[in-house]
Amino acid sequence: MHKDLDQKLCEKYPLIFRDRHEDPSKTCMYWGLSVGDGWYDLLDKLCALIQGHIDWRIRSIELTKKFNEDLAKDAETNFEDREPWMTREPRAIPEPIEQVVAIQVKEKFGGLRFYYNGGDEYIRGLTTMAEEMSYRICEVCSDKAAPTQGGWIRTLCEKHSN
(Lines give C-alpha, C1' and ligand atoms only; values in the text may rest on other atoms or scores of the structure.)
Protein backbone atom coordinates (compact mmCIF):
# COMPACT_ATOMS: atom_id res chain seq x y z
CA MET A 1 0.00 0.00 0.00
CA HIS A 2 1.22 3.47 -0.81
CA LYS A 3 2.88 5.04 2.22
CA ASP A 4 0.34 7.91 2.39
CA LEU A 5 -2.60 5.49 2.61
CA ASP A 6 -0.68 3.32 5.10
CA GLN A 7 -0.04 6.38 7.26
CA LYS A 8 -3.65 7.53 6.97
CA LEU A 9 -4.96 4.20 8.32
CA CYS A 10 -2.36 4.14 11.10
CA GLU A 11 -3.30 7.67 12.19
CA LYS A 12 -7.04 6.94 12.00
CA TYR A 13 -6.72 3.71 14.03
CA PRO A 14 -3.73 4.25 16.34
CA LEU A 15 -4.75 1.51 18.78
CA ILE A 16 -5.06 -1.15 16.09
CA PHE A 17 -1.83 -0.14 14.39
CA ARG A 18 0.11 0.82 17.51
CA ASP A 19 2.96 -1.53 16.57
CA ARG A 20 3.30 -0.10 13.04
CA HIS A 21 6.82 1.24 13.65
CA GLU A 22 7.99 -1.32 16.21
CA ASP A 23 11.17 -3.31 15.84
CA PRO A 24 10.92 -5.92 13.02
CA SER A 25 11.99 -8.64 15.46
CA LYS A 26 8.76 -7.97 17.44
CA THR A 27 6.15 -7.51 14.70
CA CYS A 28 5.64 -7.80 10.96
CA MET A 29 3.81 -4.45 11.10
CA TYR A 30 7.22 -2.84 10.82
CA TRP A 31 6.99 -3.60 7.07
CA GLY A 32 3.66 -1.80 6.76
CA LEU A 33 0.42 -2.79 5.11
CA SER A 34 1.57 -5.20 2.41
CA VAL A 35 -1.52 -4.97 0.20
CA GLY A 36 -2.60 -2.99 -2.85
CA ASP A 37 -4.21 0.44 -2.64
CA GLY A 38 -7.48 -1.02 -3.90
CA TRP A 39 -8.12 -2.62 -0.52
CA TYR A 40 -7.78 0.66 1.39
CA ASP A 41 -11.55 1.15 1.78
CA LEU A 42 -12.02 -2.47 2.83
CA LEU A 43 -9.35 -2.14 5.53
CA ASP A 44 -10.73 1.25 6.61
CA LYS A 45 -14.23 -0.19 7.09
CA LEU A 46 -12.90 -3.31 8.84
CA CYS A 47 -10.87 -1.22 11.30
CA ALA A 48 -13.81 1.17 11.88
CA LEU A 49 -16.10 -1.75 12.75
CA ILE A 50 -13.48 -3.40 14.96
CA GLN A 51 -12.66 -0.24 16.91
CA GLY A 52 -16.33 0.76 17.12
CA HIS A 53 -17.21 -2.62 18.62
CA ILE A 54 -14.43 -2.38 21.21
CA ASP A 55 -15.26 1.24 22.08
CA TRP A 56 -18.96 0.41 22.44
CA ARG A 57 -18.14 -2.43 24.84
CA ILE A 58 -16.06 -0.05 26.98
CA ARG A 59 -18.95 2.44 27.01
CA SER A 60 -21.43 -0.35 27.78
CA ILE A 61 -19.36 -1.42 30.80
CA GLU A 62 -19.29 2.18 32.07
CA LEU A 63 -23.05 2.60 31.61
CA THR A 64 -23.82 -0.72 33.31
CA LYS A 65 -21.64 0.16 36.31
CA LYS A 66 -23.36 3.56 36.57
CA PHE A 67 -26.79 1.91 36.32
CA ASN A 68 -25.92 -0.54 39.12
CA GLU A 69 -24.52 2.24 41.31
CA ASP A 70 -27.66 4.34 40.81
CA LEU A 71 -29.79 1.30 41.52
CA ALA A 72 -27.92 0.65 44.78
CA LYS A 73 -28.44 4.29 45.86
CA ASP A 74 -32.10 4.06 44.89
CA ALA A 75 -32.50 0.88 46.98
CA GLU A 76 -31.52 2.84 50.08
CA THR A 77 -34.63 4.98 49.62
CA ASN A 78 -37.83 3.43 50.97
CA PHE A 79 -40.56 3.47 48.34
CA GLU A 80 -43.48 1.77 50.08
CA ASP A 81 -45.91 2.50 47.27
CA ARG A 82 -43.67 1.10 44.54
CA GLU A 83 -45.40 -1.22 42.10
CA PRO A 84 -43.82 -4.67 41.49
CA TRP A 85 -43.05 -3.78 37.88
CA MET A 86 -40.98 -0.83 39.10
CA THR A 87 -38.40 -2.99 40.83
CA ARG A 88 -35.16 -3.24 38.93
CA GLU A 89 -32.39 -5.77 39.20
CA PRO A 90 -28.68 -5.07 38.84
CA ARG A 91 -27.34 -5.83 35.38
CA ALA A 92 -24.43 -8.13 34.66
CA ILE A 93 -21.36 -6.15 33.68
CA PRO A 94 -20.22 -7.19 30.18
CA GLU A 95 -16.78 -8.70 29.75
CA PRO A 96 -14.25 -6.29 28.27
CA ILE A 97 -12.83 -7.00 24.83
CA GLU A 98 -9.06 -7.00 24.53
CA GLN A 99 -7.91 -4.24 22.17
CA VAL A 100 -7.18 -5.57 18.69
CA VAL A 101 -3.58 -4.96 17.65
CA ALA A 102 -2.59 -5.79 14.09
CA ILE A 103 0.35 -8.16 13.79
CA GLN A 104 0.47 -8.38 9.99
CA VAL A 105 -1.65 -7.16 7.08
CA LYS A 106 -0.81 -8.71 3.73
CA GLU A 107 -2.02 -10.33 0.54
CA LYS A 108 -1.74 -14.10 0.25
CA PHE A 109 -3.10 -16.30 -2.57
CA GLY A 110 -5.01 -13.29 -3.90
CA GLY A 111 -6.78 -12.52 -0.64
CA LEU A 112 -6.43 -10.16 2.29
CA ARG A 113 -4.90 -11.57 5.48
CA PHE A 114 -5.43 -9.54 8.64
CA TYR A 115 -3.56 -11.13 11.54
CA TYR A 116 -4.08 -9.66 14.99
CA ASN A 117 -4.10 -10.19 18.74
CA GLY A 118 -7.11 -9.47 20.94
CA GLY A 119 -10.74 -9.22 19.96
CA ASP A 120 -13.67 -11.60 20.32
CA GLU A 121 -15.89 -13.83 18.16
CA TYR A 122 -17.64 -10.84 16.57
CA ILE A 123 -14.30 -9.37 15.47
CA ARG A 124 -13.22 -12.77 14.19
CA GLY A 125 -16.37 -12.78 12.06
CA LEU A 126 -15.71 -9.26 10.77
CA THR A 127 -12.19 -10.24 9.80
CA THR A 128 -13.31 -13.40 8.04
CA MET A 129 -15.93 -11.43 6.11
CA ALA A 130 -13.40 -8.77 5.03
CA GLU A 131 -10.94 -11.44 3.96
CA GLU A 132 -13.62 -13.16 1.88
CA MET A 133 -14.75 -9.85 0.35
CA SER A 134 -11.18 -9.14 -0.77
CA TYR A 135 -11.54 -11.91 -3.38
CA ARG A 136 -14.10 -9.72 -5.15
CA ILE A 137 -12.27 -6.36 -4.94
CA CYS A 138 -9.41 -5.40 -7.23
CA GLU A 139 -6.33 -4.95 -5.09
CA VAL A 140 -5.15 -2.17 -7.42
CA CYS A 141 -8.23 0.01 -7.99
CA SER A 142 -11.09 -1.48 -5.86
CA ASP A 143 -13.32 -2.31 -8.84
CA LYS A 144 -15.17 -5.62 -9.06
CA ALA A 145 -12.60 -8.38 -9.49
CA ALA A 146 -11.78 -12.08 -9.33
CA PRO A 147 -8.62 -14.02 -8.46
CA THR A 148 -6.33 -14.69 -11.41
CA GLN A 149 -5.59 -18.25 -12.50
CA GLY A 150 -2.11 -19.78 -12.72
CA GLY A 151 1.15 -18.38 -11.44
CA TRP A 152 1.08 -15.77 -8.72
CA ILE A 153 -2.58 -15.45 -7.68
CA ARG A 154 -3.82 -11.88 -7.44
CA THR A 155 -7.31 -10.41 -7.27
CA LEU A 156 -7.65 -8.03 -10.18
CA CYS A 157 -10.35 -6.37 -12.27
CA GLU A 158 -10.50 -6.88 -16.04
CA LYS A 159 -8.47 -3.73 -16.67
CA HIS A 160 -5.59 -4.71 -14.36
CA SER A 161 -5.51 -8.40 -15.20
CA ASN A 162 -4.45 -7.67 -18.81
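Every residue, every condition in (1) within 18 Å of Asp6 (Cα to Cα); (2) within 20 Å of the chain's Cα centre (by Cα), yes or no:
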site: Gln99; (1), (2): no, yes
site: Gln104; (1), (2): yes, yes
site: Glu121; (1), (2): no, yes
site: Met129; (1), (2): no, yes
site: Tyr135; (1), (2): no, yes
site: Asp143; (1), (2): no, no
site: Ile153; (1), (2): no, no
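Screening the candidates Leu43, Leu71, Leu49, Leu63 for the property of being closer than 20 Å to Lys108 by Cα and in a helix (DSSP H, G or I) yields one hit, Leu43. The set of residues in the range 84-129 that are surrounded by 15 or more Cβ atoms within 10 Å (Cβ to Cβ) and closer than 18 Å to Ile153 by Cα comprises Val105, Lys106, Glu107, Gly110, Gly111, Leu112, Arg113, Phe114. Scanning the range 146-162 for residues that are surrounded by 14 or more Cβ atoms within 10 Å (Cβ to Cβ) and either touching a His at 6+ places or on another chain (Cβ under 8 Å) or assigned to a helix (DSSP H, G or I) (or both) returns His160, Ser161.
For the range 1-18, the set of residues classified as surrounded by fewer than 17 Cβ atoms within 10 Å (Cβ to Cβ) and closer than 27 Å to Pro96 by Cβ consists of Glu11, Lys12, Pro14, Leu15, Arg18, listed by residue number. Filtering the range 32-62 to residues that are touching a residue at least 60 places away in the same chain (Cβ under 8 Å) and surrounded by fewer than 18 Cβ atoms within 10 Å (Cβ to Cβ) leaves Ser34, Asp37, Asp41, Lys45, Leu49, His53. Starting from residues that are at pLDDT 95 or above and of a type in the set (A, V, I, L, M, F, W, C), keep the ones in the range 14-40 and report whichever is farthest from Ser142 (Cα to Cα). Ranking the candidates gives Leu15 first.
This table checks each residue for (1) of a type in the set (Gly, Ala, Ser); (2) at pLDDT 95 or above; (3) closer than 23 Å to Glu22 by Cα.
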position: Trp85; (1), (2), (3): no, no, no
position: Arg88; (1), (2), (3): no, no, no
position: Pro96; (1), (2), (3): no, yes, no
position: Val100; (1), (2), (3): no, yes, yes
position: Gln104; (1), (2), (3): no, yes, yes
position: Gly111; (1), (2), (3): yes, yes, no
position: Tyr116; (1), (2), (3): no, yes, yes
position: Gly125; (1), (2), (3): yes, yes, no
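The values are calculated or read from the model by the stated rules, or taken from the named source; none is laboratory data. Because the structure is predicted, anything quoted here is derived from the model rather than measured. Note that we place each Cβ from the backbone using ideal geometry, even for glycine, and neighbour counts take in every protein chain shown.
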